[in-house]
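The values are calculated or read from the model by the stated rules, or taken from the named source; none is laboratory data. Values in this document were obtained by computation on a predicted structure and should not be read as measured data. Here Cβ is always computed from backbone atoms with ideal geometry, including for glycine, and neighbour counts include all displayed protein chains.
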Amino acid sequence: MKLCMIGTGYVGLVSGTCFADIGHTVYCVDNDINKIKKLNSGQSPIYEPGLDELIKENYRAKRLFFTTNISEALRKSDIIFICVGTPNKKNTLSVDLSYVFYAAKEILKFSKNKKIIVTKSTVPVGTGDLIEKYLKNQKKFTVISNPEFLREGEAIRDFRYPDRIVVGSNSLHALKIMKNLYLPLINKGAKFFTTNRRGAELIKYAANAFLATKITFINEIANLCEKTGINVEDISLGMGSDVRIGSRFLRPGPAYGGSCFPKDTKGLVSIGDKVKIDLSIVKSVIKSNENRKYLLLKRIDHILGKNIKNKKIVFLGVTFKPNTDDMRDAASLFMIPKLLKRKAIVSYYDPTGEKKEFSKLKKCIFYPDIHNACKNADLIILHTEWDEFKSLDFNKLVKKRKFILYDLRNLYNIQEMKRKKIRYFSIGR
Ligand code: NAD
């Protein structure tokens with residue numbers, strides 16, 4: 001089949017490349033000319049394990065194309081995926097659908113024959129109805145919902161072996177076409193789940209809000225553990241072994257971040273507000289996660305002593321999770337400026353390199369080498385659980401005799417740290 005992905009970001013690029021890899025012809029469109037130039041010169045604009053090779057293979061096989069020319073891409077395609085961003089509107093909970101409607105405008109302008117329009121972007125309940133209206137209810141357009149569940153860092157595996165593929169449409173014919181599109185994955189055991197369009201739209205928000213709730217829950221339990229002398233890992237294990245609960249997303253850490261949970265929890269609350277349904281659980285998850293950012297800063301005060309002026313604080317990893325370069329809503333974005341404001345000297349090392357988000361901050365120094373970053377540290381904050389941070393010899397890494405390690409991911413063993421005479425703090429234990 002011939003597909004057009006409007007938006008070649010984390011979702012459009014990965015799913016477009018993977019669709020090409022299972023045999024479809026895919027035109028990835030973006031209005032960011034630099035992104036398209038980079039892709040056409042054989043480089044991926046994002047860090048995602050395995051993606052570079054897959055792009056190269058499918059590009060060479062002429063199944064994958066990158067362009068800014070949306071009219072041509074639309075003309076050549078039968079199925080159009082909308083994969084543009086859906087951020088929150090500034091200072092509100094509601095979802096900014098302007099990118100989605102701009103894409104719809106272009107579809108209306110340039111599509112001459114029958115098209116299936118698929119929203120892969122995460123969109124509020126009823127957006128499919130609005131797009132249909134926007135497209136003047138023309139019979140040649142069928143609008144369906146196919147939310148994306150891939151996780152950055154594991155995105156290719158998630159595409160190839162999804163827990164489920166969700167498609168929402170009231171048209172049996174469109175569902176049949178979508179099933180054919182995903183057939184190579186379905187044949188390998190992927191569950192193909194269909195519902196109506198609004199149902200599919202809500203599944204995505206409900207799933208993300210539930211996962212965010214699980215993380216927030218264990219973060220609060222970790223706070224309780226710290227006050228009561230209990231190891232939160234025992235609680236995670238003891239709880240998570242119950243199959244009704246499950247062990248995943250029960251590991252405490254900093255406030256959750258990333259491109260989805262913060263915006264989708266807020267988006268869900270605003271969907272509820274619109275129809276006067278009080279989603280009180282999700283509201284308190286958002287509040288608890290906000291509070292957590294301050295709580296961890298307080299903990300740093302406690303660890304370092306109130307006067308943090310001129311203290312050298314080093315972040316190991318700044319992205320919201322490992323195996324991605326995505327900085328959206330990472331806890332470090334909140335913590336680093338706050339520490340700098342209090343005159344600490346902050347530096348960081350991240351396997352995906354320097355971050356533009358910190359480039360304007362005076363005294364926030366990036367080190368491309370972990371040894372140089374840690375050499376003179378007073379406090380090391382282990383922020384992101386990259387594999388390369390899992391077995392470091394801190395006594396060799398830091399030249400100072402007295403330094404402190406604050407492990408926000410519980411990667412190290414407390415007893416071992418004691419044995420090595422390292423002042424060590426972690427989460428909920
Ligand atoms: P992104 O910001 O990485 O990518 C969006 C891309 O769309 C950008 O490259 C932008 O330049 C492009 N774009 C915007 N308007 C355009 C237009 N009119 N024509 C062509 N290109 C246009 O965003 P993302 O992370 O890929 O997320 C996209 C959607 O998928 C969001 O709704 C998000 O919630 C959802 N989602 C994201 C993830 C994830 O892990 N990132 C997972 C599941 C779902």
| field | Residue list for the stretch 55-78, filter: closer than 19 Å to residue 142 by Cβ and within 16 Å of the ligand (Cβ to nearest atom) | value | 73, 74, 75, 76, 77
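Results for (1) away from the ligand (no atom under 16 Å from the Cβ); (2) in a helix (DSSP H, G or I); (3) surrounded by 22 or more Cβ atoms within 10 Å (Cβ to Cβ), shown as yes or no for each residue.
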position: 250; (1), (2), (3): yes, no, no
position: 255; (1), (2), (3): yes, no, yes
position: 268; (1), (2), (3): no, yes, yes
position: 277; (1), (2), (3): yes, no, no
position: 283; (1), (2), (3): yes, yes, no
position: 291; (1), (2), (3): yes, yes, no
position: 301; (1), (2), (3): yes, yes, no
position: 306; (1), (2), (3): yes, no, no
position: 319; (1), (2), (3): no, no, yes
| said: Quick check on the stretch 343-367: of everything there that is among the polar types (S, T, N, Q) and surrounded by 12 or more Cβ atoms within 10 Å (Cβ to Cβ), which residue is farthest from the chain's Cα centre (by Cα)? | reply: 347
| field | Considering residues of the stretch 177-215 that are more than 20 Å from the chain's Cα centre (by Cα), among the basic types (Lys, Arg) and closer than 14 Å to residue 118 by Cβ only, the residue surrounded by the most Cβ atoms within 10 Å (Cβ to Cβ) | value | 197
| note | Per the filter on the stretch 92-122, residues assigned to a strand (DSSP E or B) and crowded, with 22+ Cβ neighbours inside 10 Å are 95, 116, 117, 118, 119
| Name the pairs: first residue in the stretch 132-155 and more than 19 Å from residue 9 (Cβ to Cβ), second residue assigned to a loop (DSSP other than H, G, I, E, B) and of a type in the set (D, E, K, R), Cβ to Cβ under 9 Å, at least 6 apart or on different chains? | 139/114; 140/112; 140/114; 141/114; 142/114
| task | Test residue 365 against the stated conditions and say whether it is over 26 Å from residue 231 (Cβ atoms) and of a type in the set (Val, Ile, Thr). | result | yes
| Restricting attention to the stretch 331-354, does a residue exist that is away from the ligand (no atom under 14 Å from the Cβ), within 28 Å of residue 388 (Cβ to Cβ), of a type in the set (D, E, K, R) and not in a loop (DSSP other than H, G, I, E, B)? | yes
| request: Give me a count of the residues in the stretch 129-166 that are within 15 Å of the ligand (Cβ to nearest atom) and under 27 Å from residue 257 (Cα atoms). | output: 20
| task | Kindly provide the set of residues from the stretch 1-39 that are aliphatic (A, V, I, L, M) and part of a helix (DSSP H, G or I), ordered by number. | result | 11, 13, 14, 20, 33, 36, 39
| field | Conditions (1) out of contact with any Leu (no Cβ under 8 Å at 6 or more places or on another chain); (2) away from the ligand (no atom under 16 Å from the Cβ); (3) modelled with pLDDT of 95 or more: number failed by residue 42 | value | (3)
